[in-house]
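**Q** So that we are looking at the same thing, I have put the structure below in structure tokens.
Computed from the coordinates by the stated procedures, all read-outs in this text should not be read as laboratory data. As the structure is a prediction and not an experimental result, all values here were calculated from the model. FYI the Cβ positions are ideal-geometry reconstructions off the backbone, even for glycines, and counts take in every protein chain you see.
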Amino acid sequence: MKRNVSLEEISDGRLYRSNDMVKADCHDCKGCSKCCRGMGSSIVLDPYDIYRLNGGLKLSFQQLLEEYLELNVVDHLTLPNIRMVKETGHCGFLNQEGRCSIHSWRPGICRLFPLGRYYEGKDFRYFLQVHECPHEPKSKVKIKKWIDTPRLKEYETFIREWHSFLKSMEEYILSISDEEEIRNTSLYVLMSFYMKPYDTNADFYPQFYFRLNQAKQLLEG
Ligand code: SF4
Ligand code: SF4
């Protein structure tokens, strides 16, 4: 999701790689869980998040949508995000004890927080959001440990590919004026990468790249 702010306004002014240490670790906050409340539609999910949730919760995309997710337009595409509970404003996965009930399968954005991704061309680096988490002082932690995601290099390559694909889809949508084609393009992304079930007993990445290649061929054709 694009944000119209300068990096200087929201960060410590530095950009990081996964092997860098950063002051992001809030473990001694005793789980204040403020980052799980009032987040609106900002926790946007990527296909790997859905694969993880499908496998972890044994729920299909449709079932997740009925219970925990919602759809919103992000940069001209309809994408899923975590839905905050209407009455309380907190994430539906936050339990009574103020803990994440899906910790092992939590989405990439939750794993990052209070870090964010700063995209430059086809690459990205991490940055520390300095106004989002009230807990101070935070401890230093290596980013790859904080993100807690297996096969991090492959994951980061996937993140780059996915971001670059979304960008090309957005550019394509902006280049056409036919409303129906715009709707169909957005629906195609949603159906191909989210609604079409993943085999959660098989590796995610080959399944993703198969779909990505199909989509690119369509786009080029
Ligand atoms: S998924 Fe877990 S970590 Fe993410 S906002 Fe919900 S409760 Fe918090
Ligand atoms: S990241 Fe910040 S807001 Fe979230 S649980 Fe830790 S201290 Fe609380």
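**Q** By how many nm would the segment from V5 to E220 lengthen if fully extended, with 0.36 nm per residue of separation less the alpha-carbon distance? All intermediate terms of the calculation are to be shown ahead of the outcome.
**A** Numbers: separation 215, 0.36 × 215 = 77.40 nm, distance 3.28 nm.
Length difference between fully extended and current span is 74.1 nm.
**Q** Here is a follow-up. Given a Förster distance of 35 Å, report the FRET efficiency between K122 and E70 from their Cβ-Cβ distance, rounded to the nearest 0.05. Before the final figure, lay out each step's value.
**A** Numbers: r = 30 Å, r/R0 = 0.84.
In this case the efficiency is close to 0.75.
**Q** Expected output is a single nm value to one decimal: the length gained when fully extending between H90 and F210, i.e. 0.36 nm times separation in residues minus the C-alpha distance. What is it?
**A** Between H90 and F210, full extension yields an extra 39.6 nm.
**Q** Loop-only trypsin sites (Lys or Arg not before Pro) in the stretch 19-59, please: DSSP not H, G, I, E or B, and at most 14 other Cβ atoms within 10 Å. Don't skip to the answer; put the middle values down first.
**A** Details: sites: K23, K30, K34, R37, R52, K58; in loops: K30, K58.
Sparse-neighbourhood loop trypsin sites (Lys or Arg not before Pro): K30, K58.
**Q** For the stretch 187-221 and the stretch 97-139, write down the distance between their C-alpha centroids in whole Å.
**A** Result: 26 Å between the Cα centres.
**Q** Here's a follow-up. If we count GluC sites (Glu not before Pro) as exposed when they sit in a DSSP loop and have at most 10 other beta carbons within 10 Å, what is the longest stretch of the chain that avoids them all? All intermediate terms of the calculation are to be shown ahead of the outcome.
**A** Values: sites that count: E87, E97.
Value returned for the longest uninterrupted segment is 98-221.
**Q** Where a Cα-Cα gap under 16 Å defines reach, which lysines qualify for K142, not counting those fewer than 8 residues away within the same chain?
**A** Straight-distance partners of K142: K23, K153.
**Q** Follow-up question, since we're still on this one. Between the helical axis of 204-220 and the dominant principal axis of the chain, each derived from Cα atoms, what acute angle in degrees is found, rounded to the nearest 10?
**A** Approximately 50 degrees, to the nearest 10.
**Q** So, R0 is 35 Å and r is the distance between the beta-carbons of V130 and L57; what FRET efficiency does that work out to, to 0.05?
**A** With R0 = 35 Å, the Cβ-Cβ based efficiency is 0.60.
**Q** Then there's this: Can you pull out the trypsin sites (Lys or Arg not before Pro) in the stretch 143-221 that DSSP calls coil and that have at most 14 other Cβ atoms within 10 Å?
**A** Numbers: sites: K144, K145, R151, K153, R160, K167, R183, R211, K216; in loops: R151.
For trypsin sites (Lys or Arg not before Pro) across the stretch 143-221 that sit outside H, G, I, E and B with at most 14 neighbouring Cβ atoms in 10 Å, the list reads R151.
**Q** Could you give the size of the charge dipole of the chain about its Cα centre, using +1 on the Cβ of each K and R and -1 on the Cβ of each D and E, expressed in debye and rounded to the nearest 20? Intermediate results must be reported in sequence, preceding the final value.
**A** On the way: 31 positive and 31 negative charges, 195 e Å.
Computed charge dipole of the chain: roughly 940 debye.
**Q** Run through the stretch 69-104 and list the trypsin sites (Lys or Arg not before Pro) located in a DSSP loop whose Cβ has at most 13 other Cβ atoms within 10 Å.
**A** K86, R99
**Q** Cα-based Rg of the chain per 2.2 N^0.38 Å, rounded to two decimals?
**A** On the way: Rg = 17.6 Å, N = 221, 2.2 N^0.38 = 17.1 Å.
Scaled against compact globular proteins, the figure is 1.03.
**Q** So, R0 is 30 Å and r is the distance between the beta-carbons of M191 and S42; what FRET efficiency does that work out to, to 0.05? The partial results should precede the final answer.
**A** Working: r = 24 Å, r/R0 = 0.78.
In this case the efficiency is close to 0.80.
**Q** Also, I was wondering about something else. Nearest 10 degrees, 0 to 90: what angle lies between the long axis of helix 47-57 and the longest principal axis of the chain (Cα atoms)?
**A** That helix lies at roughly 70 degrees to the long axis.
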